[in-house]
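Asks: First, the structure itself, so that you have it in front of you.
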Amino acid sequence: MVDALIQEAPKSEWLFIDSTGDATQRKFYELARLGIAGYPFSTLLDAGEFFGNVTQILDSHAKLTSVTRFNIDSEQHVWLKSEGYATAKSLDGAVLGDVLSGWLQGSPTSPSAGTVGPAVGGQ
């Protein structure tokens, strides 16, 4: 789905805020992998393997357009609705509020943000 959107607007700017062990996304991965017959799942894809898969997907997106990534060591799925979200720190110590502000203004706050390369928060 994201690939189709990127192809429609290849000069677009994307920001992905990801938890390295996002339990909700891991459930969707299992659903895609095993189908509905396997639900409820007794086990989920390992968080490390999940994050590796997400990194590969975002790397492929970054080949087509500008991608900024903010990776948080957590299993939480939604960050922007959380009180205090602006103070969340990435794997490399970047602060979410600063990254969001810079991204919305069109000037990434990290040398790696918004480039086809390392993510804010590491990989």
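Nothing in this text is a laboratory measurement; each read-out follows from the coordinates by a stated rule. All of these numbers come straight from a predicted model, not from anything done at the bench. Please note: Cβ atoms are built from the backbone with ideal geometry, for glycine as well, and neighbour counts cover all protein chains shown.
Asks: Each residue of the stretch 40-57 in order: what ³J(HN,Hα) in whole Hz does its phi give by Karplus 6.51 cos²θ - 1.76 cosθ + 1.60, θ = phi - 60°, with x for Gly and Pro?
Replies: x, 7, 7, 9, 10, 3, 3, 4, x, 5, 4, 5, x, 5, 4, 4, 4, 5
Asks: Find the relative contact order for the chain and round it to a whole percent, using C-alpha pairs within less than 8 Å whose residues are 6+ positions apart. Working shown, then result.
Replies: Values: 182 pairs, mean separation 37.9, N = 123.
Contact order relative to length: 31 percent.
Asks: What distance in nm separates the simple spin-label points at Lys11 and Ser60, each placed 7 Å from Cα in the Cβ direction?
Replies: Those two pseudo-labels are separated by 2.6 nm.
Asks: What are the chymotrypsin sites (Phe, Trp or Tyr not before Pro) within the stretch 1-86 that DSSP puts in a loop, where the Cβ has at most 15 other Cβ atoms within 10 Å?
Replies: Values: sites: Trp14, Phe16, Phe28, Tyr29, Phe41, Phe50, Phe51, Phe70, Trp79, Tyr85; in loops: Phe41, Trp79.
The qualifying sites are Phe41.
Asks: What nm value, rounded to one decimal, do you get for the distance between Glu75 and Val2 when each label is placed 7 Å out toward the C-beta?
Replies: It works out to 2.2 nm between the two label points.
Asks: While we're on this one: How large is log10 I(q)/I(0) at q = 0.12, 0.25 Å⁻¹ when the Debye formula is applied to the Cα atoms of the stretch 12-104, each weighted equally and without solvent?
Replies: Debye intensities relative to I(0), on a log10 scale: -0.43, -1.29.
Asks: At a 10 Å Cβ-Cβ cut-off, how would you order Leu34, Leu100, Leu91, fewest neighbours first? Can you show the working numbers first?
Replies: Working: Leu34 11, Leu100 19, Leu91 15.
Neighbour counts put them in this order, fewest first: Leu34, Leu91, Leu100.
Asks: Just to confirm a number: summing +1 for Lys and Arg and -1 for Asp and Glu over residues other than Val99 whose beta-carbon lies under 15 angstrom from that of Val99, what do you get? Don't jump to the answer; show the numbers that get you there.
Replies: Working: positive: Arg69, Lys89; negative: Glu13, Asp18, Asp92, Asp98.
After counting each charged neighbour, the total is -2.
Asks: Under 14 Å Cα to Cα from Lys11, which aspartates and glutamates show up? Leave out anything in the same chain fewer than 8 places away.
Replies: Within the straight-line limit of under 14 Å, Lys11 reaches these aspartates and glutamates: Asp3.
Asks: Additional query: Asp59: net charge of surrounding residues, Cβ under 14 Å, Lys/Arg +1, Asp/Glu -1, itself excluded?
Replies: On the way: positive: Lys63, Arg69; negative: Asp3, Asp18.
So the surrounding residues net to 0.
Asks: Enumerate the lysines that Lys89 could reach by cross-link, defined here as Cα to Cα under 21 Å, with residues fewer than 8 away along the same chain left out.
Replies: Result set, ordered by chain and number: Lys81.
Asks: Counting other C-beta atoms within 10 Å, and keeping those with at most 10, which DSSP coil trypsin sites (Lys or Arg not before Pro) do you find in the stretch 1-65?
Replies: On the way: sites: Lys11, Arg26, Lys27, Arg33, Lys63; in loops: Lys11, Lys63.
Passing sites in the stretch 1-65 are Lys11, Lys63.
Asks: Now for a different question. With 10 angstrom as the radius, rank Val2, Val54 by how many other C-beta atoms surround their C-beta, starting from the fewest. Please report the intermediate quantities before stating the final value.
Replies: Details: Val2 15, Val54 21.
Ranked by crowding around the Cβ, least crowded first: Val2, Val54.
Asks: Using amide H atoms built in the peptide plane, which far-off residues or other-chain residues are under 5 Å from Leu15 H to H?
Replies: Those qualifying (amide H under 5 Å, at least 5 residues apart or on another chain) are Thr68.
Asks: Give me Rg/Rg_expected for the stretch 11-52, where Rg uses Cα atoms only and Rg_expected = 2.2 N^0.38 Å with N residues.
Replies: Working: Rg = 12.5 Å, N = 42, 2.2 N^0.38 = 9.1 Å.
Rounded to two decimals, the normalised Rg is 1.37.
Asks: Could you give the angle, 0 to 90 degrees to the nearest 10, between helix 23-34's Cα long axis and the longest principal axis of the Cα atoms of the chain?
Replies: So the inclination is approximately 50 degrees.
Asks: In addition: Taking every pair of Cα atoms in the stretch 60-109, average 1/r, invert it to obtain the Kirkwood radius, and report Rg/Rh to two decimals. Walk me through the numbers before you get to the answer.
Replies: Details: Rg = 11.6 Å, Rh = 11.8 Å.
Using Cα coordinates only, the ratio equals 0.98.
Asks: While we're on this one: Rounded to the nearest 5, what % of DSSP beta bridges with both residues in the stretch 12-104 are antiparallel? Mind showing how you got there, number by number?
Replies: Working: 1 of 8 bridges.
Bridges in the stretch 12-104 that DSSP calls antiparallel: roughly 10 percent.
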